[in-house]
Amino acid sequence: MPPAPQPSDSHPSESHAPAHTPSRRSQRGLDGLNFFLADVRDGVGPFLGIYLLTRFDWSAGQIGLAMSAMTFATMLSQSPAGVLLDITRRKRLLTALATLVVAVCSVLMTLPAFVNLPAILLLQALMGVSAALLLPAVAAITLGMVGRRRFPERQGRNEVFNHAGNVVSALLAGLLAHFLSVEWLFYSLLLFAGGSLISALMIRETDIDHVAARGAVAQEAKDSAPQTSGVLQLLRDRRLLMLGAALTLFHFANAAMLPLVGQYLTIGDQDAASLYMSACIVIAQLVMIPVAWWAGRRAQRWGRRPVFMLGLLALPLRGLLYGVSNDPVWLLLVQALDGIGAGIFGVLWLIVAADLTRGSGRYNAIVGVLGTLFALGAAASNLVAGYVVDASGYVGGFVFLAAFGALAPLVYWFGVGETRSADADETGVCTD
């Protein structure tokens, strides 16, 4: 496939790049951080719905409200988190603190005194604030370690380890919940939190270039500060606005699908619901591992747009196929499409954001703004879909989400276009 056409933009043509290759220890630490944060970053995720439904008989609407609390908190915290990461050098410390908060909150959810709507909403909100820091912190550390040109390859590798961590955590959680009790999936998060802390400490501070970490331009004069652009100035970029719209639509359509599948499976067999949910996650994550590896490389060679479109188009197809049958085997097969869509999305959105903010010095702030937008989409997804299911059933819920998912690729294709720059390094790979 021929190289994609290059975008024209007003940003400086070259962003600051690290002056050295990061050490093997730091590279391994970043690998481990992505692996272990896979379980920590999303809290207990869709398992919370199964836990509240099977143990406490919560309605779909109540569960949707509880799950929305985390995403609404993430939405409100994402932009401040991005601004903070642009100005601080303590990215590893913030990552460690956020990890501890998520771990403590997950354990508190297993105590009967905390299993009521106000307490669950509060704990989910605290986890949401912490999650707002984790994803952009890892992205900033990565950009600071390898620079913009090697960022697509390294981001693909990050997602490979992230999905591998999701596979292990889902298998562990499902087995513990099935053979011991559903509460054990909350306890397993402690193990991954410990691994996250150790991995963060393995990354050497000297291997993080904090100018590169925010996408700034290096100045020739040694006493000059890196150039930065205003966040509001960047937000006047039509392509950034359209990217935000596409991300929001994608997450509105995607966020509630897996929790609804878990509840859909519970109707047929409550005893095996946790095991089925683990299987759904594992199948998707196993597909995401090679897809993420592939996406990071193809995005450099083909351009961003054709690769991203494949991921965006997989979502509405998946939603429609969920409604065909509630047979567990069928639903598990459809999960492969989740692996394709989310596997590509997780790699590409951060790369496209880096393209559109190159040289601005506001990469993390813009990642925060974009994160706010798609967190809004995710929160609305869980909230609205729960009540749609209450009114029209699970099939109606899946069709509703698929319809919105079909809008995301249209917005991206016509509104964002190709973002790979003319000076993109097509041959270099991320070394370890």
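The values are calculated or read from the model by the stated rules, or taken from the named source; none is laboratory data. Quantities reported herein were computed from a predicted structural model and do not represent experimental measurements. Positions of Cβ are generated from backbone atoms using ideal geometry, with glycine treated the same way; all protein chains shown enter the neighbour counts.
Among the listed residues ASP209, ASP237, ASP223, ASP271, which satisfies the condition of being under 30 Å from ILE63 (Cβ atoms), acidic (Asp, Glu) and at pLDDT below 85?
None of the others qualify; the one that does is ASP271.
Going through the range 300-321 one residue at a time, which ones are at pLDDT below 85 and in contact with a helix residue (DSSP H, G or I) (Cβ under 8 Å, 6 or more places away or on another chain)?
Matches in the range 300-321: GLN300 only.
Any idea which residue in the range 23-69 is farthest from the chain's Cα centre (by Cα), counting only those that are under 20 Å from GLY195 (Cβ atoms), crowded, with 20+ Cβ neighbours inside 10 Å and of a type in the set (S, T, N, Q)?
SER26
If you take the residues in the range 189-214 that are acidic (Asp, Glu) and part of a helix (DSSP H, G or I), which one is surrounded by the most Cβ atoms within 10 Å (Cβ to Cβ)?
ASP207
Just to be sure before I move on: is ALA113 part of a helix (DSSP H, G or I), within 20 Å of LEU258 (Cα to Cα) and at pLDDT 80 or above in the structure I sent?
No, not satisfied.
In the range 285-304, what residues are crowded, with 22+ Cβ neighbours inside 10 Å and either of a type in the set (Ser, Thr, Tyr) or touching a residue at least 60 places away in the same chain (Cβ under 8 Å) (or both)?
GLN285, MET288, ALA292, ALA295, GLY296, ALA299, GLN300, GLY303, ARG304
Which one of these is out of contact with any Cys (no Cβ under 6 Å at 6 or more places or on another chain), among the β-branched types (Val, Ile, Thr) and crowded, with 19+ Cβ neighbours inside 10 Å: THR110, THR95?
Checking each option against the conditions leaves just THR95.
If we scan the range 78-86, do we find a residue that is buried (at least 22 other Cβ atoms within 10 Å of the Cβ), of a type in the set (Val, Ile, Thr) and in contact (Cβ under 8 Å) with a residue 40 or more places away in the chain?
no
Okay, residues lined up against (1) within 24 Å of GLY341 (Cα to Cα); (2) more than 21 Å from the chain's Cα centre (by Cα); (3) touching a residue at least 24 places away in the same chain (Cβ under 8 Å):
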{"position": "LEU143", "(1), (2), (3)": "yes, no, yes"}
{"position": "PHE151", "(1), (2), (3)": "yes, no, yes"}
{"position": "PHE161", "(1), (2), (3)": "yes, no, yes"}
{"position": "LEU171", "(1), (2), (3)": "yes, no, yes"}
{"position": "TYR187", "(1), (2), (3)": "no, yes, yes"}
{"position": "LEU197", "(1), (2), (3)": "no, no, yes"}
{"position": "GLU205", "(1), (2), (3)": "no, yes, yes"}
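All but one of (1) touching a Lys or Arg at 6+ places or on another chain (Cβ under 7 Å); (2) among the hydroxyl-bearing types (Ser, Thr, Tyr); (3) surrounded by fewer than 20 Cβ atoms within 10 Å (Cβ to Cβ) hold for TYR363; state the number of the condition that does not hold.
Failed condition: (3).
Condition test on VAL324, is it buried (at least 17 other Cβ atoms within 10 Å of the Cβ) and in contact with a helix residue (DSSP H, G or I) (Cβ under 7 Å, 6 or more places away or on another chain)?
Here the answer is no, as VAL324 does not meet what is asked.
THR357 - would you say it is under 18 Å from the mean Cα position of the chain (by Cα) and not aliphatic (A, V, I, L, M)?
Judged against the criteria, THR357 is not a match.
Among the candidates VAL115, VAL138, VAL129, single out the residue that is over 28 Å from VAL182 (Cα atoms) and either of a type outside the set (Ser, Thr, Tyr) or in contact with a Phe, Trp or Tyr (Cβ under 7 Å, 6 or more places away or on another chain) (or both).
VAL138
Can you tell me how many residues within the range 92-106 are under 19 Å from VAL44 (Cβ atoms) and touching a helix residue (DSSP H, G or I) at 6+ places or on another chain (Cβ under 6 Å)?
Final tally of qualifying residues: 7.
Check PHE179, PHE151, PHE186 and return the single one that is more than 30 Å from THR88 (Cα to Cα) and either surrounded by 23 or more Cβ atoms within 10 Å (Cβ to Cβ) or of a type in the set (Ser, Thr, Tyr) (or both).
PHE186
Residues PRO136, PRO118, PRO80: which one is more than 26 Å from ARG25 (Cα to Cα), within 19 Å of the chain's Cα centre (by Cα) and either part of a helix (DSSP H, G or I) or not β-branched (Val, Ile, Thr) (or both)?
When all the criteria are applied, what remains is PRO80.
To keep it simple, each residue is scored yes or no on (1) among the small types (Gly, Ala, Ser); (2) without any contact (Cβ under 8 Å) to a residue 40 or more places away in the chain; (3) in contact with a strand residue (DSSP E or B) (Cβ under 9 Å, 6 or more places away or on another chain); (4) not in a loop (DSSP other than H, G, I, E, B).
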{"position": "PRO306", "(1), (2), (3), (4)": "no, no, no, yes"}
{"position": "LEU315", "(1), (2), (3), (4)": "no, no, no, yes"}
{"position": "ARG318", "(1), (2), (3), (4)": "no, no, no, yes"}
{"position": "VAL324", "(1), (2), (3), (4)": "no, yes, no, no"}
{"position": "VAL329", "(1), (2), (3), (4)": "no, yes, no, yes"}
{"position": "VAL334", "(1), (2), (3), (4)": "no, yes, no, yes"}
{"position": "GLY341", "(1), (2), (3), (4)": "yes, no, no, yes"}
{"position": "VAL347", "(1), (2), (3), (4)": "no, no, no, yes"}
